[in-house]
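J.: Before I ask anything, here is the structure I am working with.
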Amino acid sequence: CTSMSISRVPALARARACVFDARIADVASCSLVGVGNPEITADEDGRKSAAYHIGTAGQPWGAAEATQWLSERKKARSYQEEVVAKVESLRESFDVVQYGALSYDGGAIAHPLFAVKTKSWRADRPSVLVTGGVHGYETSGVQGALRFLTEGHALRYAAKGFNIVVAPCVSPWGYEHIERWTPEAVDPNRSFRTEADDCPAQESAALQRLLSSCDVSRWACHVDLHETTDTDESEFRMAKAARDGQASEPGTIPDGFYLCGDERNLQLDFQRFVIEGVRRVTHIAPADPDGTIIGSLVVSEGIIAYDYAALGLCGSVTNSPFTTTTEVYPDSPRATDELCNQAQVASVTSALDYLIQSRA
């Protein structure tokens, strides 16, 4: 979703936003602008699949398809105007750090990367990480992280004894182009590794280097802000299957907010506390009839779990005992732009309130 002050994405472009799973080495693609809709076909069981205009059905895509995919990307909004300008306005109250710079296509694609840290950072305080825009097309993750900063929430919790660092837009090219991927068609949220040098995405490696520079021996909490959109089903599933030369298996998109915890360290009481905080803002996604959300077992209302480290998720980037990945659903008829951003802010503040309650 988009903040009311943020440029809206044209409906056609949004409907064709595409996504990628970087656990597989080759690339998948679909086009945002200038191509027709995928041809939808069905097999004998009625399962739908799509024939994309790039590549050959049944064959994995390679370098030529990746080049064609990148050539068709169109900039839809401004990272400088909608993100960097807001970050720069915070310099009086926070430490603003440029923690890296992206460079793709021989430098033709370049973006500075910024983080915002509370002042008077102290080693004896609990340190909290908030990340947004790991998937750049998930707008409320970016704008929600910025709202946490600009509306005074971060300063309020800093006054309560927290060190806080916010990376509001981990993937600026993805933000500008309404894309899940990097320009190299890599999913940054499948690209986090134990060592930054091993990360297949520049965005992921840069974030890990930022955290190393913070010199935090034990993080207290990490909240990673995301969205689940209708295009995850209408494009991502089909693009991923086409990329691999496989059949596309239909799935469902939940109507409402949910969380994804780390199955190795679920901390269910923490996840439930965050759900209750968000419930005051927006509705929580119900489980599908089979007891799942996006194919994963619901362990408690609005909560599923993934193995963060095995999948290379951003949630694995710290050693925090309390981690969660938010999923706002901006395409719900019950959602608004404002509610999406408020839900992201409520996720962060609820997580911090849980920490305060736990140490009381």
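J.: Ignoring ligands, DNA and RNA, what accessible area per residue does the chain give at 1.4 Å, in Å²?
T.: 40
J.: Can you pull the percent of the chain's accessible area that's carbon plus sulfur, 1.4 Å probe, other chains left in place?
T.: On the way: 7020 of 14460 Å².
So the carbon and sulfur contribution to the accessible surface is 49 percent.
J.: Here's another thing I want to ask about it. Determine the principal axes of the Cα atoms in the stretch 297-360, then give the extent along each, sorted from largest to smallest and rounded to whole angstroms.
T.: 36, 33, 22
J.: Looking at the stretch 101-146, I'd like the Rg to Rh ratio, where Rg is from alpha-carbon atoms and Rh is Kirkwood's inverse mean 1/r. Provide the component values of the computation, followed by the final result.
T.: Values: Rg = 14.5 Å, Rh = 13.1 Å.
Ratio value, two decimals: 1.10.
J.: I'd like to know which of Val130, Ala64, Tyr306 lies farthest towards the positive end of the charge dipole of the chain, counting +1 on Cβ of Lys and Arg and -1 on Cβ of Asp and Glu.
T.: The one lying farthest along the dipole's positive direction is Val130.
J.: For the chain, build the charge dipole from Cβ charges (+1 Lys, Arg; -1 Asp, Glu) around the Cα centre, then report which of His53, Ala239, Ile294 sits farthest towards its positive end.
T.: Ranked along the dipole, the leading option is Ile294.
J.: Sum up the lysine pairs in the chain that clear both bars: alpha-carbon distance under 26 Å and a spacing of 8 or more or different chains.
T.: Lysine pairs meeting the criterion: 10.
J.: Give me the dipole magnitude in Debye, nearest 20, for the stretch 175-240 about the Cα centre, with unit charges on the beta carbon: positive for Lys and Arg, negative for Asp and Glu. Don't skip to the end; give the middle numbers.
T.: Values: 7 positive and 15 negative charges, 58 e Å.
I would put it at about 280 debye.
J.: If you take the Cα Rg of the stretch 159-299 and divide it by 2.2 N^0.38 Å, with N the number of residues, what do you get? Walk me through the numbers before you get to the answer.
T.: Working: Rg = 17.4 Å, N = 141, 2.2 N^0.38 = 14.4 Å.
Against the compact-globule rule of thumb, the ratio is 1.20.
J.: Along the positive direction of the dipole of the chain (beta-carbon charges: Lys, Arg +1; Asp, Glu -1; about the Cα centre), which of Gly315, Leu211, Gly174 reaches farthest?
T.: In the chain, that residue is Leu211.
J.: In addition: What are the semi-axes of the equivalent ellipsoid of the stretch 155-218, taken as the square roots of 5 times the eigenvalues of the Cα gyration tensor, listed largest first and rounded to whole Å?
T.: Details: eigenvalues 133, 55, 10 Å².
Equivalent-ellipsoid dimensions as semi-axes: 26, 17, 7 Å.
J.: Multiplying the sequence separation of Ala123 and Ser300 by 0.36 nm and subtracting their Cα-Cα distance, what value in nm do you get?
T.: 60.2 nm
J.: Another one. Using a 1.4 Å probe and ignoring any ligands, DNA or RNA, find the accessible area of Tyr306 and quote it in Å² to the nearest 10.
T.: For Tyr306, the solvent-accessible surface is approximately 60 Å².
J.: While we're looking at this one, here's another question. Please compute, over every Cα-Cα pair in the stretch 238-360, the percentage with a separation greater than 23 angstrom.
T.: Roughly 36 percent, rounded to a whole number.
J.: With θ set to phi - 60° and the Karplus curve 6.51 cos²θ - 1.76 cosθ + 1.60, what are the ³J(HN,Hα) couplings of the stretch 118-130 in order, to the nearest whole Hz, using x for Gly and Pro?
T.: Karplus-based 3J(HN,Hα) across the stretch 118-130 equals 5, 6, 6, 4, 10, 5, 8, 9, x, 10, 10, 10, 10 Hz.
J.: Just in the stretch 109-180: which GluC sites (Glu not before Pro) are loop by DSSP and have at most 15 other Cβ atoms within 10 Å? Display every interim value, and only then the final one.
T.: Values: sites: Glu138, Glu151, Glu176, Glu179; in loops: Glu138, Glu151, Glu179.
Here the GluC sites (Glu not before Pro) that fit, given the DSSP loop and packing criteria, are Glu151.
J.: Could I ask something else about it? Which percent of the Cα-Cα distances in the stretch 69-213 go past 25 Å? Write down the numbers at each step before the final one.
T.: Working: 2699 of 10440 pairs.
Of all Cα-Cα pairs in the stretch 69-213, 26 percent lie more than 25 Å apart.
J.: Same structure again: Remind me, relative contact order of the stretch 261-314 in percent, using alpha carbon pairs under 8 angstrom and six or more residues apart?
T.: Values: 47 pairs, mean separation 22.9, N = 54.
Relative contact order for the stretch 261-314 comes out at 42 percent.
J.: Is there a quick way to get the dipole size of the chain? I mean about its Cα centre, with the Cβ of Lys and Arg at +1 and of Asp and Glu at -1; what is the value in debye to the nearest 20?
T.: Numbers: 33 positive and 48 negative charges, 258 e Å.
So the dipole magnitude of the chain works out to roughly 1240 debye.
The values are calculated or read from the model by the stated rules, or taken from the named source; none is laboratory data. Since this is a predicted model, take the numbers as computed values, not measurements. All Cβ positions, glycine included, derive from the backbone under ideal geometry; neighbour counts span all protein chains shown. The accessibility values were calculated without ligands, DNA or RNA, using every heavy atom of the protein model including side chains. Shrake-Rupley method; radii C 1.70, N 1.55, O 1.52, S 1.80 Å.
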